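The values are calculated or read from the model by the stated rules, or taken from the named source; none is laboratory data. Keep in mind that what you see is a predicted model, and the values were worked out from it rather than measured. When we count neighbours, we look across all protein chains shown, and the Cβ atoms used for this are built from the backbone with ideal geometry, even at glycine.
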Amino acid sequence: MLQQIFVNFSVFSFLVSAAVVTRIFYFPIKPIKHAWILGGVYAGLISLILMNLSIPYNETLSLDIRYIPFIISCAYFGLKSGLLTAALLLIGEWLFSENLAVDLSIFMIAVPLFFVSLSFWKKPYQRALILLLEYVTLVFTAHWLYRGGAPVPFSFMMILTGFLLMGLTISIWLIEGYSTLYSLINEYTKLNTKLKKSQQELRETLRGQQGVIFKFKKEDGNFIHTLCDGQLIRKSQLNPDLFLSPDWTRLLQPDIVDELLGQYERAWQGSDTSSEIRWPNGHFLQLMLQPIFRSGQVIEVVGSIFDITEKKRMEQALEESERHYRLIAENTSDLITVLQVNGKAKYCSPSHQVILGYSPDDLLDGEIKSIFEPQVLYRIREKLAKIIREQQPDQIEFRCQHKNGNWVQFESRCMPVTGPRGDVEYIVIVSRDISERKKAEELALASEKLSVVGELAAGVAHEIRNPLTTLKGFIQMFQKGEIDPVYLDVISSELDRIELITNEFLILAKPQVVHYRVESLVSIIENVVAILTPQMKLNNIQVYTEFEQQLPQIKCEPSQLKQLFVNIMKNAIEAMPTGGIMKLKIYRQEDYLLAEVEDNGCGIPGEIISRLGEPFYTLKEKGTGLGLMVCKKIINEHGGTIQFFSELGEGATVQIALPLFNQAE
């Protein structure tokens, strides 16, 4: 019996192994279509073979493992495959055995029972064990029924159970074992493929990088390279493999070898090293060595060499450029200041000592704020905040106090410097002493004012002479005794007219101390119109005004603005020698008040509008060009703008924008 059992297990193991090995090792890539059919048919054939290898136990009972393929088919391929296996087995029973009725009854009960069990268990080996337990129970029950209730021998039950369990164990062990072995082999193959690919990529990376990557060890007192590759060697027409030989030192000049060996020895002693080597062709190379430790001992050194010739050239060019800029900054008469965004000075040129009497160190230590007036410091902070916010250069005028107490006037150009992230990191301020220029401009302003006063004098005299004639007539009537209260009202009105004209004329002509205060722009322009009314009448000019209601006020120096609008309106009068119309408008636009002076005179050629305001540039035969220059200066000091719009023969419009009064100032 033992020999027959061995034959059963051997045949069964061979047939299972053949199927598993064929599937795993010969068809490992693509899944097999309708695998449950092939599995069911093959399991059925194995069952037929095992049926013919059954071992008689007694006259009515026999031992075999024909049902193990059926259980394996159900567990691994599903119930449909198991049914196919059962069908082939029943055909064999019908043809070659007399136990068809018993087996048919077993299968009829096993199929629905197996269906329920397969839905609860997911892993194939678990399914197989549960199905075996159910099958053994069904077999013993069927034999008991067909034997008329006679008990099945206990020894047969034990032998059959052990026989089936051994067969199932062998089949599961073979299937799972081969599958696991295949998974391991497949995983190993994938890892080996990845390793080879990574090694190839590493070789290509080392070969393609611009410098040289290498490793070395010290053996018998000699440094031996274990890795060496890179474009720097290949560009030198050398084979990297030559540096892997023990006599690699013969490839280089002796002085280079001595320097390399010295660096190698320091790294082998455990120190990170970095040095520059000048190559015979004039190139500069950067050598870096990193020792690798194991158990506190250096086992190898990783090194790299890069060509830094271009970097050295750039550093030299940068040093030369810095030297030139330093030469300019330290010898210029302008003040050069570098501010951080927090307002602290990072650099002050030596010219601060000459112009303001403070050394750069004094200003860097925090005294820079003390040289400004509080209101000027506020304006500067606002301007710098705008530059940082808009990242655009801007200009500002202010005055600083010299260490000796004198005040110095400056015109500054502020330029933002952005960092790598696009944010402003510094503001470079170049300031020029314009004290002398300011004095010249004040002289020009006074000169222009006297010129305007002189030109207006005739009109003012004419305007005053008319009411004086009227007054003279009334006095003569009073002398004759003709007195009427109505005459007194007329006399008072004419005297008020004379007083208004003379007051405005004196304000314009008399030197005024610059004092900014809050005023109404409408009131200022109305006063200017009153001054110019005599000249407008003489030139047959009609004036129309268009002022918005409830306009906000501005902070200004009234006498300067009056001079500004006198110049602008006088130019408009002169542009209409035969008479015309002048329109005056005032309206608000965002944070500005806009004043427009429009005439229908001869107009201004378009190509010269951009030059208006230049000193001594004028279209008038006897003009000096200082009038509009003074106007621009006044506008700039008030933080406003002036624009000219004109077409030849169509008249001209001058638009002046002045900022509204800000309570924060």
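Conditions (1) surrounded by 15 or more Cβ atoms within 10 Å (Cβ to Cβ); (2) touching a residue at least 24 places away in the same chain (Cβ under 8 Å); (3) more than 55 Å from the chain's Cα centre (by Cα); (4) part of a loop (DSSP other than H, G, I, E, B), marked per residue:
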{"position": "SER523", "(1), (2), (3), (4)": "no, no, no, no"}
{"position": "PRO534", "(1), (2), (3), (4)": "yes, yes, yes, no"}
{"position": "GLN542", "(1), (2), (3), (4)": "no, yes, yes, no"}
{"position": "GLU546", "(1), (2), (3), (4)": "no, yes, no, no"}
{"position": "GLN563", "(1), (2), (3), (4)": "yes, yes, no, no"}
{"position": "MET569", "(1), (2), (3), (4)": "yes, yes, no, no"}
{"position": "MET582", "(1), (2), (3), (4)": "yes, yes, no, no"}
{"position": "LEU594", "(1), (2), (3), (4)": "yes, yes, no, no"}
query = Are there any strands (runs of 3 or more DSSP E) wholly within the range 360-474 with 3 or more residues that are modelled with pLDDT of 65 or more and polar (S, T, N, Q), and if so which?
reply = 407-418
message = Looking only at the range 385-424, how many residues end up being closer than 18 Å to TYR325 by Cβ and out of contact with any helix residue (DSSP H, G or I) (no Cβ under 9 Å at 6 or more places or on another chain)?
response = 2
inquiry  = Going by what's in this entry, would ILE233 be described as surrounded by 15 or more Cβ atoms within 10 Å (Cβ to Cβ), among the hydrophobic types (A, V, I, L, M, F, W, C), without any contact (Cβ under 8 Å) to a residue 24 or more places away in the chain and not assigned by TED's automatic domain parsing to the domain that holds SER13?
reply    = yes
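Per-residue answers, yes or no, for (1) part of a helix (DSSP H, G or I); (2) at pLDDT 75 or above; (3) β-branched (Val, Ile, Thr):
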residue	(1), (2), (3)
PHE12	yes, no, no
ILE29	no, no, yes
LYS33	no, no, no
VAL41	yes, yes, yes
key: Which numbered condition VAL302 fails, given (1) under 23 Å from PHE223 (Cα atoms); (2) without any contact (Cβ under 8 Å) to a residue 24 or more places away in the chain   = (2)
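Okay, residues lined up against (1) touching a residue at least 24 places away in the same chain (Cβ under 8 Å); (2) surrounded by 14 or more Cβ atoms within 10 Å (Cβ to Cβ); (3) of a type outside the set (Val, Ile, Thr):
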{"site": "LEU335", "(1), (2), (3)": "yes, yes, yes"}
{"site": "PRO350", "(1), (2), (3)": "no, yes, yes"}
{"site": "ILE371", "(1), (2), (3)": "yes, yes, no"}
{"site": "ILE387", "(1), (2), (3)": "yes, yes, no"}
{"site": "GLU390", "(1), (2), (3)": "no, no, yes"}
ask   = Which residue, of ALA150, ALA142, is modelled with pLDDT under 70 and either buried (at least 16 other Cβ atoms within 10 Å of the Cβ) or aromatic (Phe, Trp, Tyr) (or both)?
value = ALA142
key: Subset of the range 227-273 (residues that are modelled with pLDDT of 90 or more and assigned to a strand (DSSP E or B))   = THR273
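Yes or no, residue by residue, for (1) assigned by TED's automatic domain parsing to the domain that holds GLN375; (2) at pLDDT 85 or above; (3) small (Gly, Ala, Ser):
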{"residue": "ILE608", "(1), (2), (3)": "no, no, no"}
{"residue": "LEU612", "(1), (2), (3)": "no, no, no"}
{"residue": "GLY623", "(1), (2), (3)": "no, no, yes"}
{"residue": "GLY627", "(1), (2), (3)": "no, no, yes"}
{"residue": "PHE644", "(1), (2), (3)": "no, yes, no"}
{"residue": "GLY649", "(1), (2), (3)": "no, no, yes"}
{"residue": "THR653", "(1), (2), (3)": "no, yes, no"}
query = Is there any pair linking a residue in the range 43-56 that is in a loop (DSSP other than H, G, I, E, B) to one that is surrounded by 17 or more Cβ atoms within 10 Å (Cβ to Cβ), with Cβ under 7 Å and at least six apart or on different chains, and which?
reply = LEU53/ASN8; LEU53/ASP64; SER54/LEU63; SER54/ASP64
inquiry  = Need the failing condition index for MET288 against (1) of a type outside the set (Phe, Trp, Tyr); (2) touching a residue at least 60 places away in the same chain (Cβ under 8 Å); (3) in the same structural domain as LYS215 (by TED's automatic domain parsing), just the number.
reply    = (2)
